[in-house]
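What follows is a set of notes on a single structure, which appears directly below.
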Amino acid sequence: MRSWWGSRCSWRGSLRGDFRLRRAIITWRNLGFQVAGAKLALAGTYGRRSQGLDFHGKVQLQAKPSQMVTGFKSVLRRPFDHFLRKNGVTELPIKLTENGIIPPTA
C-alpha cells in the first residue's frame, strides 16, 4: 500500500460501527477503530453536504502518558501516570470537530 506522500506503509486494524443516513447527515452511534496498542470509541455526526463533523468519545492506550513523549516531558508526566490509567490502560477523552466547507464570500 502506498501512502499519499509516496512512501510504502502498512497497518493492521479494525473498524466497526452502526450508522444512520438521513437528510445527508450520517449519525454514528458505535464507531470503533482499533490498531495495535490503541482502541478508539466514538459517537457523532458527519454532514455529507457541509463536510462538517462532530465526534466525541474516548481513546484507550496501552502506553502510559509518560511513555508517549521523550526527554524531560516524560519525567514530568510520570507522577500523573496512575491518575489516567484504569485497569491497565490509559483512558483519555477525545473530541473531533470540523465546521466543514465555508462558502466563499463575494
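The values are calculated or read from the model by the stated rules, or taken from the named source; none is laboratory data. Bear in mind the structure is a predicted one, so any value in this text is a computation, not a measurement. Don't worry about glycine lacking a Cβ; one is built from the backbone with ideal geometry, like all the others, and counts go over all protein chains shown.
Candidates in segment 1-39 are the residues that are more than 18 Å from residue 94 (Cα to Cα) and among the polar types (S, T, N, Q); of these, the one that is modelled with the lowest pLDDT is 3.
Of everything in segment 79-104 that is in a loop (DSSP other than H, G, I, E, B) and touching a Ser or Thr at 6+ places or on another chain (Cβ under 9 Å), the residue that is modelled with the lowest pLDDT is 101.
In a residue-by-residue description of segment 49-66, the property of being surrounded by fewer than 13 Cβ atoms within 10 Å (Cβ to Cβ), modelled with pLDDT under 85 and more than 16 Å from the chain's Cα centre (by Cα) applies to at least one position. Taking (1) out of contact with any strand residue (DSSP E or B) (no Cβ under 6 Å at 6 or more places or on another chain); (2) in a strand (DSSP E or B) in turn, residue 75 satisfies each apart from (2). In segment 47-75, the residues that are of a type in the set (Phe, Trp, Tyr) reach residues that are loosely packed, with under 12 Cβ neighbours inside 10 Å and not in a loop (DSSP other than H, G, I, E, B) with C-beta atoms within less than 8 angstrom, at least six apart or across chains, in these pairs: 55/95; 55/97.
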